[in-house]
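The values are calculated or read from the model by the stated rules, or taken from the named source; none is laboratory data. Note that the structure is a prediction, hence the values are computed from the model and not measured. Cβ coordinates were reconstructed from backbone atoms using ideal geometry, including for glycine residues, and neighbour counts include every protein chain displayed. Surface areas here come from the heavy atoms of the whole protein model, side chains and all, with no ligands, DNA or RNA. Shrake-Rupley method; radii C 1.70, N 1.55, O 1.52, S 1.80 Å.
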Amino acid sequence: MRHVLMPCLVLLLSMPLAFAQDRPPLPPLPEGQTMLNVSATERAQVQQDTLIASLNVTKTGADPKAMQNEINALMQQALAKAKDAPGIEVSTGQYYVYQDAGEQPPRPMEKAEGTDKKPLWHGSQSIELKSMKGDDLLKLAGELQALGLTMNNLSYTLSPAKADEAQDSLMEKALAKVKQKAE
């Protein structure tokens, strides 16, 4: 999805007390005066301008220390490559290690001959890339995949700066409509 619908802006020109439910109603207006309630709504479709990619490395092994060392080494390579890419914001995410519950070693008393199974360990670390330069981010994501990382998510979003710009523009248009209606 490359477009997002900006929330509409509603402006009301009246006293805030008129809409408060826990306040008494407004006193009657003096003769010859009129209360005016005017509203306006504006909407716009805005092109999303920021690409976000989430990648991770996942390893499994019998030795948790060796597995974690593999994950750490691969993430160091990925971070070094990502930090050299201009215009791309880089952050790390979750890091977790857990033992596979289905691969628990037998208790010493239950140990049968030939069943020296070691428990399996699983580990994962994620990295997030964010950029307004989609082509550059996609190129970097491909390079990280070549290192052994897996793409988890790739999506567009609207940058805060562009959202603020769109909201300001909508407010100006809504104010012009309110002024026109009030006149």
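Among the residues making up the stretch 56-87, those that are under 22 Å from the mean Cα position of the chain (by Cα), open to solvent by 60 Å² or more (accessible area, probe 1.4 Å) and of a type outside the set (S, T, N, Q) are 83, 86. Close contacts from the stretch 153-167, counting a first residue that is in contact (Cβ under 8 Å) with a residue 24 or more places away in the chain and a second that is charged (D, E, K, R) and open to solvent by 50 Å² or more (accessible area, probe 1.4 Å), with Cβ to Cβ under 8 Å and a gap of 6+ residues or different chains, come to 156/2.
Looking only at the stretch 89-120, filter to residues that are open to solvent by 100 Å² or more (accessible area, probe 1.4 Å) and acidic (Asp, Glu); which one of those is modelled with the highest pLDDT? Taking the candidates together, the pick is 89. Counting the residues of the stretch 133-168 that are open to solvent by less than 50 Å² (accessible area, probe 1.4 Å) and either part of a helix (DSSP H, G or I) or more than 15 Å from residue 48 (Cβ to Cβ) (or both) gives 10. Out of the residues in the stretch 45-55 that are open to solvent by 20 Å² or more (accessible area, probe 1.4 Å) and either in a loop (DSSP other than H, G, I, E, B) or at pLDDT 95 or above (or both), which is nearest to residue 145 (Cα to Cα)? Taking the candidates together, the pick is 54.
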